[in-house]
Amino acid sequence: MKKNLETRAMFAGHTPSPANEFAVKPPMHPASTFVFPDARTGAAHMETAYGVQGAETPPEGFIYSRLGNPTLNLAETRLAAWDESDDAAFFSSGMAAISTALLAWSGADRPVWYVGPLYGGTQHFLDEVMPTMGREVRAIAGLELLNATLEETDRALPGIIYLETPANPTMQVRRIRSAAEWAATHSTPDHRIVVMVDNTYLGPILQRPLDEGADLILYSATKYLGGHSDLIAGAASGRADIVAKVKEFRTFLGGITDPWTAWMLARSMETLHVRVERQQSTTKRVLAHLRDLCGPQAVRSAWVEDLATAGLDVHAAEAQQKGGGAMVGLVVPGGREGAFAFLDSLSVFKLAVSLGSTESLAEHPASMTHAGVPAHIKEETGITEGFVRLSIGLEHPEDLVEDLTQAWKIACDVATLAV
């Protein structure tokens, strides 16, 4: 009998056995290096790791923790189980995962096409850093423009189509299957177009990009996968050959997760589904209140009600999401002054960047997470001076509602005085 995902994924990678003294929880392996049983095995491991032609296939084992570690394997096995992917890779941060994946699958003849808005760090890496490394990067306004973009480039195919859905911080939803089908149609045996999806906002419980045809999922694992604001990590998960190349680049760029962080990630993923389900349930209550208090036009989320109000793609959300998640955007009156008054008045919400944790967080994207994004792009994508981002945690819903209510009233007073 095939067990349900929550049962299969929660403890994947660890079975109590004599080798671990039947411990119900896995041990942590902090070792930096591992002993070879003999010189021939050591040579086989190292030559294989460096891709030496004709290398002898080594037995299973480890070399050095920059390349792999038993605790890291445990965490990666667990994430692959949650995503039902072929393989997964953890990194020292979300940006390490994103930048390594982009470098691994781009090149002089493999441009990157992306649809914004994106997290500010990702946008900066794509627009400002990758072109200095000989990579062509092209922003497109929507997936419906893929064919037109191909004509604009004299039919030069992209190597990567990069999406973030829902988008950080303004909640635009992109239809993953549209990108995947276009990539499959235009890929050739010598030029595979890789579809990458940043799934940080929803995670594997609420959105499964591989089921929609994507090749690689990216995460800031600091967020829901870790979910306690006590670690920094990133992740990639997906098709075996895609992840293999990402892991190869990780080896030489050095952005691997340390054993302690990997152990904490494995621990945190055991409660992933119950945390996300509770956060999403609380968010439904918060959103219902904010629509009444602030008016539906002021509320942004990846829930179908708010997508419809904003004129965004409701059908894509219904097709690929299991709910709208626990992220909320709010347009506060009074511009930056009103937004700052709102944020400074909160007491249950903590004023801090990041998201997806046990505590509720609030921040001002235009001056914080997206401070480095050019002003015209912020304006085009809705990252206005009055926009605040809320991440809903595990507190009692009524306490969050009360906190938001009093902060909204103060912001309204500030906006009135400004006039």
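Mind telling me which of the residues G213, G226 ends up being on the phi > 0 side of the Ramachandran plot and either modelled with pLDDT of 95 or more or crowded, with 24+ Cβ neighbours inside 10 Å (or both)?
Every option except G213 fails the conditions.
Could you please tell me which pairs satisfy a Cβ distance under 6 Å, a separation of 6+ or placement on different chains, a first residue in segment 387-409 that is closer than 26 Å to A375 by Cβ, and a second residue that is of a type in the set (D, E, K, R)?
R389/E363
Between A89, A44, A80, which is part of a strand (DSSP E or B) and not acidic (D, E)? Break it down stepwise before answering.
Values: A44 fails: part of a strand (DSSP E or B); A80 fails: part of a strand (DSSP E or B).
Of the residues listed, the single one that is part of a strand (DSSP E or B) and not acidic (D, E) is A89.
When the residues of segment 148-165 are narrowed to those that are over 10 Å from V197 (Cα atoms) and touching a residue at least 12 places away in the same chain (Cβ under 8 Å), which ends up surrounded by the most Cβ atoms within 10 Å (Cβ to Cβ)?
Result: P158.
Mind telling me which of the residues L265, L225, L287 ends up being part of a helix (DSSP H, G or I), farther than 19 Å from T71 by Cα and in contact with a strand residue (DSSP E or B) (Cβ under 8 Å, 6 or more places away or on another chain)?
Result: L287 is the single residue among L265, L225, L287 that is part of a helix (DSSP H, G or I), farther than 19 Å from T71 by Cα and in contact with a strand residue (DSSP E or B) (Cβ under 8 Å, 6 or more places away or on another chain).
Just the residues that are among the hydrophobic types (A, V, I, L, M, F, W, C) and either within 13 Å of L390 (Cα to Cα) or not assigned by TED's automatic domain parsing to the domain that holds H396 (or both), please, taken from segment 339-367.
The answer is A339, F342, L343, L346, V348, F349, L351, A352, V353, L355, L361, A362.
Among what's in segment 334-366 and is part of a loop (DSSP other than H, G, I, E, B) and polar (S, T, N, Q), pick the residue that is nearest to L404 (Cα to Cα).
Top of the filtered list is S347.
Which of the residues belonging to segment 13-51 are surrounded by 15 or more Cβ atoms within 10 Å (Cβ to Cβ) and in contact with a Phe, Trp or Tyr (Cβ under 8 Å, 6 or more places away or on another chain)?
Within segment 13-51, P26, M28, F34, G42, H45 qualify.
In the set P111, P117, P131, which member is in contact with a helix residue (DSSP H, G or I) (Cβ under 6 Å, 6 or more places away or on another chain) and either farther than 19 Å from A236 by Cα or not charged (D, E, K, R) (or both)?
On inspection, the qualifying residue turns out to be P117.
The values are calculated or read from the model by the stated rules, or taken from the named source; none is laboratory data. Treat the numbers as computed from the prediction; the structure is a model and nothing was measured. For neighbour counting, all protein chains shown are included, and Cβ atoms are generated from backbone atoms with ideal geometry for every residue, glycine included.
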